[in-house]
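Please read the structure below before turning to the comments.
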Amino acid sequence: MNREEAYHLTLDAIAKMQWNVAMILEAKAAEAEKVRNWLCTHITNDTYEAHNDQLSTCIQWNEQNIEVLDGLTKLCNGLSRNMKAILNPDTEESEGMNSMFGGYDMGERER
């Protein structure tokens, strides 16, 4: 397998991962809508004795969503850096990526 084929396979894998991230975000949006509807109908002033308990229930769910979104953001940033290194190997940022690809100079072509 030459370098161009390896880059093509890598970009294909990145595209598939981006598709999966999009599917995860779509599912999280549907879940968030269901939870919002549930919270609006079931979490009322009569449900909890103290307002702090009511807020802590909502905050716990929001913290879980923030953790998922933070993880997906970090994943997408990593994928973006890899794509930049493959598509534009002449930038300074891609020089740091050379170590990820076995120390090869990304600007060199196979002869």
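The values are calculated or read from the model by the stated rules, or taken from the named source; none is laboratory data. Computed from a prediction, not measured in an experiment: that's the story for all the values here. When we count neighbours, we look across all protein chains shown, and the Cβ atoms used for this are built from the backbone with ideal geometry, even at glycine.
One residue stands out among those in segment 1-43 that are under 23 Å from the mean Cα position of the chain (by Cα) and of a type in the set (Ser, Thr, Tyr): the one that is modelled with the highest pLDDT, which is 10. The residues in segment 14-58 that are assigned to a helix (DSSP H, G or I), farther than 16 Å from residue 72 by Cα and aromatic (Phe, Trp, Tyr) can be counted, and the count is 1.
For residue 38, the conditions (1) out of contact with any helix residue (DSSP H, G or I) (no Cβ under 7 Å at 6 or more places or on another chain); (2) among the hydrophobic types (A, V, I, L, M, F, W, C); (3) touching a residue at least 24 places away in the same chain (Cβ under 8 Å) are fulfilled apart from (3). Within segment 6-13, is there a residue that is of a type in the set (A, V, I, L, M), touching a Lys or Arg at 6+ places or on another chain (Cβ under 7 Å), in a helix (DSSP H, G or I) and surrounded by 12 or more Cβ atoms within 10 Å (Cβ to Cβ)? There is no residue in segment 6-13 that is of a type in the set (A, V, I, L, M), touching a Lys or Arg at 6+ places or on another chain (Cβ under 7 Å), in a helix (DSSP H, G or I) and surrounded by 12 or more Cβ atoms within 10 Å (Cβ to Cβ).
Residues in segment 5-24 that are free of Cβ contacts under 8 Å to residues at least 12 places away in the same chain and among the polar types (S, T, N, Q): 20 only.
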